[in-house]
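What follows is one structure encoded as structure tokens, with my remarks underneath.
The values are calculated or read from the model by the stated rules, or taken from the named source; none is laboratory data. None of these values were measured; they are calculated from a predicted model. Using ideal geometry, Cβ is built from the backbone for each residue, glycine included, and neighbour counts are taken over all protein chains shown. Ligands, DNA and RNA are excluded from the accessible area calculation, which covers all protein heavy atoms including side chains. Shrake-Rupley method; radii C 1.70, N 1.55, O 1.52, S 1.80 Å.
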Amino acid sequence: MLAASLPEDPAELWRPGGTEAAERMAGVWRELIGALPAVHDEAADTLESALGLSEVWARRLAGGYGAADDGTVEAAGWELVSTAYSYGVTVRPIAPPGAEPPYGTPVGVPLREIASALVWAWTDRPVGDPAVAGAATLYERLREELARPGLLLKLEGGRVQDTTDRIAGRFGPARLPVALDRRKDDRAPAATAYDGARWWSAHPAASPSCGPPPSPARRCGGSSGRSPG
């Protein structure tokens, strides 16, 4: 960087202006590290205060999903996992095979954050606003992720209270495998998820799933029912 600030002719250092050195250093910086699109301060402040979205999303709305990197690792797949003490079942994205990502590393494209940012961009900003020039590209990234085979989404709010047999009859007969929670607790009962193509129902009092493999239908639509046992 410092070497780039020096001109070939040292006499240029005393010429009026004084910005040429900074421009040369900036060019080297872009070559070595890269450059990020400019952040629209008002958009960034509004996204954070109204939606709790970081500056990353202001950059992505301006330049597309790849305009900013928050360290998220793309999911290689998804699995159902029993929650703590097997109270229910949730969806856990699976990191790509290989080295385990550091603790706290986000795994899986944040679909809800993308959707929230897009709703704000297309309802609160004027047409042609450069602050949301990348919204269409971000929308295409959302569509690509939603179209991935095997996608599982946790749908909040659905709950069914019933017996194991009645839940199996309502949401079965196929079952989905459910991984155990990482918590070490031998007292935790196992959980089972019944696959009804557009529905899956988690029943914590049932035995671990050993039924037929999941149906090929995508299970990212409909609603979810969960029984507290």
Check your understanding: Limited to region 120-136, what total is found for residues that are surrounded by fewer than 16 Cβ atoms within 10 Å (Cβ to Cβ) and in a helix (DSSP H, G or I)?
Key -> 5
Check your understanding: If you scan region 66-94, which residues turn out to be among the hydrophobic types (A, V, I, L, M, F, W, C) and either assigned to a strand (DSSP E or B) or under 27 Å from Thr137 (Cα atoms) (or both)?
Key -> Ala67, Ala68, Val73, Ala75, Ala76, Trp78, Leu80, Val81, Val89, Val91, Ile94
Study note, to complete from the structure: Considering region 164-184, residues that are within 21 Å of Tyr103 (Cα to Cα) and of a type outside the set (A, V, I, L, M), and then whichever is modelled with the highest pLDDT, we arrive at Asp181
Point to revise | Enumeration of residues in region 137-176 that are more than 22 Å from Ala67 (Cα to Cα), acidic (Asp, Glu) and exposed (fewer than 12 other Cβ atoms within 10 Å of the Cβ) | key: Glu156, Asp165
Check your understanding: Is it fair to say Gly63 is at pLDDT 70 or above, at positive phi and under 38 Å from the mean Cα position of the chain (by Cα)?
Key -> no
Exercise for review: Report yes if some residue within region 91-114 is touching a helix residue (DSSP H, G or I) at 6+ places or on another chain (Cβ under 9 Å), β-branched (Val, Ile, Thr), under 30 Å from Lys154 (Cβ atoms) and modelled with pLDDT of 90 or more; otherwise report no.
Suggested key: yes
Study note, to complete from the structure: Conditions (1) open to solvent by 30 Å² or more (accessible area, probe 1.4 Å); (2) not in a helix (DSSP H, G or I) -> Leu53 fails only (1)
Exercise for review: For region 95-118, enumerate the residues that are more than 20 Å from Leu142 (Cβ to Cβ) and open to solvent by 60 Å² or more (accessible area, probe 1.4 Å).
Suggested key: Pro97, Gly98, Ala99, Glu100, Pro102, Tyr103, Gly104
